[in-house]
1. Restricting attention to segment 141-242, which GluC sites (Glu not before Pro) occupy a DSSP loop and are surrounded by at most 13 other Cβ atoms within 10 Å?
2. Keeping every protein chain present and rolling a 1.4 Å probe, give me the accessible area per residue for segment 328-417 in Å².
3. How much length, in nm to one decimal, is gained on full extension between Phe189 and Lys78, taken as 0.36 nm per residue of separation minus their Cα-Cα distance?
4. Would you please name the GluC sites (Glu not before Pro) within segment 546-649 that are DSSP coil residues with at most 12 other C-beta atoms within 10 Å of their C-beta?
5. Give the calculated FRET efficiency between Leu351 and Val156 to the nearest 0.05, with a Förster radius of 41 Å applied to their Cβ-Cβ distance.
6. In whole Hz and in residue order, list the ³J(HN,Hα) couplings for segment 121-126 that follow from phi through the Karplus curve 6.51 cos²θ - 1.76 cosθ + 1.60, θ = phi - 60°; x for Gly and Pro.
7. For segment 767-831, what size does the Cα cloud have along each of its three principal axes, sorted from largest down, in whole Å?
8. P(r) for segment 114-234, please, calculated from all Cα pair distances in 10 Å bins and given in %.
Amino acid sequence: MKRRGGGGGCFDPPPGYDGQPQACPTKNRGRWGECTIRLRERIAQAYDPRGILTMLALAAVYWAVCRAGQILVIGEAKVSPFWPASGLALVSLLVQGVSRWPAIFLGAFLMSRSAGTPVLACLGVGVGNTLAAVLGVLLLRRLGFSSRLERVQDVVALTAGAALGSTLVAALVGTLSLVLWGGVDWHVFVKTAGVWWGGDATGIVVLAPALLLLRQRRPVERQREAMALGGCTLLVGLAFFKAGLGGASSGYIATFLFFPLAFWAALRFGPRGVALLILFFALFSAWGAETGLGLSPELQAAPDARAQALLLLQLFIGVNATTGLLLAAVSAGSRDATRRVELLATAVRGLSEGVVISEVTPAGPRVVFANEAFRAMVGLGLVELLGRSPRDHAGDMDPETRQRLEAALQEAKSFRGLVLLRHRDGTRVHSEMQLSPVRDARGVVAHLVSLYRDVSATQELRARVVAAERVAAVGTLAAGVGHEIQNPLAYLELNLGGAVRRLSREPQGVEEALSHLRDAQEGAERIRQIVQDLRTFSREGEEDRKRVDLREVAAPALRMVRHVLRDRARLAEDYGHIPPVLGSEARLGQVLLNLLVNAVQAIPQGASSRHTVRIRTGTGPDGRALVEVSDTGRGIAPEVLPHIFEPFFTTKPHEEGTGLGLSICQQIVQAHEGEIQVRSEPGQGSVFTVLLPPAPQETPRAEPSLRQEEPASGVGNAARRGRILIVDDEPRLAQSMRMLLEPNHDVVATTRGSEALELVSSGQRFDLVVCDLQMPGTTGMDIYAWLRVQAPELARRLVFMSGGAFTPAASAFIRSVPNRVLEKPVRPEVLLATIDAALAPASALPGK
């Protein structure tokens, strides 16, 4: 006489529900009202003609399964130790919704009534079975049950929650009904309830998994192997019952025979294979026990032999079914985890970004994995990378970034920044690195995952854009620069011409010629200063950070814009105390030049008396260095102001701007850990404020830079006469230096580097070499390399001269050598002082 049913409501799932929990869509507003509406709709759907036919069909199937279960009834109460109808009831309500509970109640009532049970007892049995099914479904939904049974928690929810928990209600209510109205004695209440409870639980564990997994209609893989598994199951069942069900060794036999099959099904076919194996074995075992197949002699002689065999069968099936399902869930979870790991490994291997996984050890992180992309970045194989520290592959970078990276690796923290990687061939790869810690189950950082994105092309493009904008900014001032050069050039030529004419009438014109030459020298100095300013804003690749005084950076920028500013506005300079900053002089000069050009272009021509461009330096309230560029021009509209730092956004005519100036300025300032602030009102002008962090108090180690040294006082008096070799491909410049030096030194001049090497190799002695850095054919770099091998002492006394247009190779060279580099045009007193210092007794040639 058995039993199950359902109840319904707001939480009924649609057909095809997979067991995942659902909730009413309205949690906060009108929850109960909405749920009531949905409940009414569900009830209306359940009790329409189609719903009634569905419930009648379910009741008929439930009754038929109950009749099959009655074959195994035992005891005075006629209770079955294996009741598959409980599994059918649970699956039916789980899939179709608990609103189908009347079908379970009707089927259980009719089953009990057909067995001759009194009506009141039949009602009690129906209520108990229905409550058990409804409670089981609600409990499974509450626990987040999935009908795929591929998680251990799903198997535990089904076996411990639905099979053991909810069925206790049916056992107690049903047994109590039989005792009260069915004529069963009280002294068998506990035994009857126990058998009832175990039968319902076994029915759920055996039938519910099979029904849930079969309805998913997935194709059967490895059909021949599945048939082989079924045949082996049949043979094992026959062997088991032939050996005897019961007796001292029956439990061991069951264990040894069932588990190999369970392992086979779990590993090869997953939960569905195990569920079908359990169902087949349970049905075969129930049939064998009912027909007495293989009963041991002890059980055959006992008066209650059949009952003992069926109870042993109940225990055997329940324990082994639960074990098999757990094994299948663990196996499915393991396969799923393996698939995920393989997918992750395949994805990581195929990424275009470099991925490095490092294990955190007491000695620091050590590489345990590196994908192909990273190995290509550094030019090393996996074996060469394993066990090394991630910091071993980092190239040169600014001190702050290196300090942050070192701290992140040491303390196993997150990091993000631009990092240079060293390739094994010596090249550098610009990469954007993101470092993330991975914690274990205890919350301890066990591994570090580094992601490297190659941004070399982006950095190169960015450098080109910055250079193009820098040239564009200087280009807007080209007319003024030309005017500034033409003026001193004009009187330079006039004074030189006048000096030639006066000197031709010696001796009367000597004094006047000297006056002309002094004026010419002043003009040449002005041209040199203009060229020097142009160099400041056009140097490529000068990104080395050093201490910079922003007032010194502002001076050349002002000289560049002074001419175009004359007919637009007055220039006001307010230089307050400002701390030095750590940065690139050329890049910061580009920022100030762009801001000054924008200020000039914001003011119309012809009203210079009414407008002012002001540059102010000082210290911000937070201690940062402050440079402020303001104008009284047309200002910026409020709707435009939020967009001025966007690339290619401009309100200027195309001949005045590209829309990149302010965007690049912001990038440069942010790269220096600073910010640009702007205030503006239409018709009142604009104020741009640059704020940069001050340089550390300790003087950082600066990389060598091209800087023309001032002559040291008194050096020339102590110098000795020496023999000097001058190498420069410009004949007039070489001749000029020879004429300057010959009164005090013996000078040999040549315009070819190869000839200079021949002079040295022929045995001629020189105390000093003054050499142009870049020449056609044999360059100054080639001469230095040859001298280091053939005449190392002379290589240390080599002074380079350069016009400033460096190739990447030349830039790298001057950073790597200790020799002095003088910028052309070099002033005579600087050249003389440098040579005198080099030739002084017991002196080493000063560094750059």
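1. Glu221
2. Here the per-residue accessible area is 54 Å².
3. Computed gain between Phe189 and Lys78 is 38.7 nm.
4. Glu639
5. Here the calculated transfer efficiency is 0.60.
6. 5, 4, 4, x, 4, x
7. So the extents along the principal axes, rounded to whole Å, are 31, 29, 22.
8. 13, 33, 26, 19, 8, 1
The values are calculated or read from the model by the stated rules, or taken from the named source; none is laboratory data. Please read these numbers as outputs of a predicted model, since none were measured by experiment. Heads up, the Cβs are rebuilt from the backbone with ideal geometry, glycines too, and the neighbour counts pull from every protein chain shown. These area figures cover heavy atoms from the full protein model, side chains too; ligands, DNA and RNA do not enter into them. Shrake-Rupley method; radii C 1.70, N 1.55, O 1.52, S 1.80 Å.
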